[in-house]
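Written out below as structure tokens is the structure these notes cover.
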Amino acid sequence: MSSATEIAAAYRHCESVTRSQAANFYYGIRLLPGERRRAMCAVYAFARRVDDIGDGTLAREDKLRLLDGEDGALAAIEHAGPDTERGEDLVMVALSDATRRFPLSASVLGELIDGVRMDVAGTSYEEFDELVVYCRRVAGAIGRVCLAIFGLRAGAGADPAHAERLADELGVALQLTNILRDVREDAHNGRVYLPGEDLRRFGVLAADERPPQSEAAEELLGLLARVSGGSGANGRLAEAERLSALVRFECERAREWFDRGIALTGMLDRRSAACVLAMAGIYRRLLERIDARPQEVAYGRMSLPMHEKAWVAARGMLGVGA
């Protein structure tokens, strides 16, 4: 078993990763009491590492090998127990200690790895329900892990299974917002998450066109380039309107997932609810900004200024959603 000094150093590492890379989540995480905050940072640092494998420049086979390694590390925690020595892997030292303190499920975290494997495989999404499977893996699973750290408020009378569904739905809402925010960046990297049926519905793809993901990304990137650059006012206006209609359609879908999932906060204690209201509030405000200015996704990633994120976090502490 790692010593108290080693565990403390591991948590400090995870908190550093979270502060520097979780531009939106850390506003909520820092509202938690120390033990929960540290566990959340351990989960985030692990998720960040898995995401970085999927987004990296290694060959597909190398990515899959590294993901298998992360899967094995989770299995070691689950089967060998939290007291097993973790060596110099700071993230796994912290995550192992967090599983000793909270009922974290290694198999649920493993769903995140399955989702990233879908990225590595270049999975395309023809229907929205197929995209939801991906969102549940990469984000809904994290929502359920967070719920295990928060716990349900004593006396809330909440059904744990229902609470897990709400945490999952809130995770899906956040991931759908991420997809809209990163449309241009993902297309540039050869990825399209928006369902093929929607791309045809709004004229991005022809009615009978079902290209592989790389070709769909080229089509979408071309539309975004024409909207942001333009070559003729009339053509640009028509394409901008088509893009706006597509983005607003997807925003409405994400809004429905937010509306259902945010009910989770009524089942949590004050500080855990504040954390969720801050994280979800930042993403909800970002979603509303995208909905109000849908053509801006053609120019690059949209974000909120730091002062606005801090304001949303403060409202979360007061129990007020964004």
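The values are calculated or read from the model by the stated rules, or taken from the named source; none is laboratory data. Only a predicted model underlies this, so the values are computations on that prediction, with no experimental measurement involved. A quick note on method: Cβ atoms are made from the backbone with ideal geometry, for glycine too, and the neighbour counts reach across all protein chains shown. Remember, those area values only see protein heavy atoms, side chains included, never the ligands or the DNA or RNA. Shrake-Rupley method; radii C 1.70, N 1.55, O 1.52, S 1.80 Å.
Take Ala292 and tell me if it is open to solvent by 10 Å² or more (accessible area, probe 1.4 Å), over 19 Å from Phe150 (Cα atoms) and free of Cβ contacts under 8 Å to residues at least 40 places away in the same chain.
Yes: the conditions hold for Ala292.
Against the conditions (1) at pLDDT 95 or above; (2) crowded, with 19+ Cβ neighbours inside 10 Å, where does Ala59 fall short? Just the number, please.
The single condition Ala59 does not satisfy is (2).
Please find, within the range 9-57, the residue that is farthest from the chain's Cα centre (by Cα) out of those that are among the acidic types (Asp, Glu) and closer than 23 Å to Arg100 by Cβ.
Glu35
Out of the range 103-126, which residues are in a loop (DSSP other than H, G, I, E, B) and in contact with a Gly (Cβ under 8 Å, 6 or more places away or on another chain)? Spell out the reasoning first.
Start the filter on the range 103-126 by keeping residues that are in a loop (DSSP other than H, G, I, E, B), which leaves 103-105, 122-126.
Across the range 103-126, the qualifying residues are Gly122, Ser124, Tyr125, Glu126.
Please specify each residue of the range 125-136 satisfying the condition of being surrounded by 20 or more Cβ atoms within 10 Å (Cβ to Cβ) and in contact (Cβ under 8 Å) with a residue 60 or more places away in the chain.
Tyr125, Leu131
Please state which of the following conditions Leu90 fails to meet, knowing it meets all the rest: (1) among the aliphatic types (A, V, I, L, M); (2) closer than 22 Å to Val192 by Cα; (3) in contact (Cβ under 8 Å) with a residue 60 or more places away in the chain; (4) open to solvent by 50 Å² or more (accessible area, probe 1.4 Å).
(2)
Could you say whether any residue in the range 137-153 is aliphatic (A, V, I, L, M), more than 20 Å from Cys41 (Cα to Cα) and either open to solvent by 10 Å² or more (accessible area, probe 1.4 Å) or in contact with a strand residue (DSSP E or B) (Cβ under 8 Å, 6 or more places away or on another chain) (or both)?
For the range 137-153, residues aliphatic (A, V, I, L, M), more than 20 Å from Cys41 (Cα to Cα) and either open to solvent by 10 Å² or more (accessible area, probe 1.4 Å) or in contact with a strand residue (DSSP E or B) (Cβ under 8 Å, 6 or more places away or on another chain) (or both): absent.
Per-residue answers, yes or no, for (1) more than 13 Å from Val145 (Cβ to Cβ); (2) out of contact with any strand residue (DSSP E or B) (no Cβ under 7 Å at 6 or more places or on another chain); (3) open to solvent by 20 Å² or more (accessible area, probe 1.4 Å):
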{"residue": "Arg48", "(1), (2), (3)": "yes, yes, yes"}
{"residue": "Leu74", "(1), (2), (3)": "no, yes, no"}
{"residue": "Ala94", "(1), (2), (3)": "yes, yes, no"}
{"residue": "Ser105", "(1), (2), (3)": "no, yes, yes"}
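Determine which member of the set Ala233, Ala274, Ala245 is modelled with pLDDT under 95 and either basic (Lys, Arg) or open to solvent by 20 Å² or more (accessible area, probe 1.4 Å) (or both).
Ala233
Take the range 164-209 and flag every residue that is without any contact (Cβ under 8 Å) to a residue 60 or more places away in the chain, of a type outside the set (S, T, N, Q) and open to solvent by 20 Å² or more (accessible area, probe 1.4 Å).
Passing the criteria: Glu164, Arg165, Asp186, His188, Arg200, Arg201, Phe202, Gly203, Ala206, Ala207, Asp208, Glu209.
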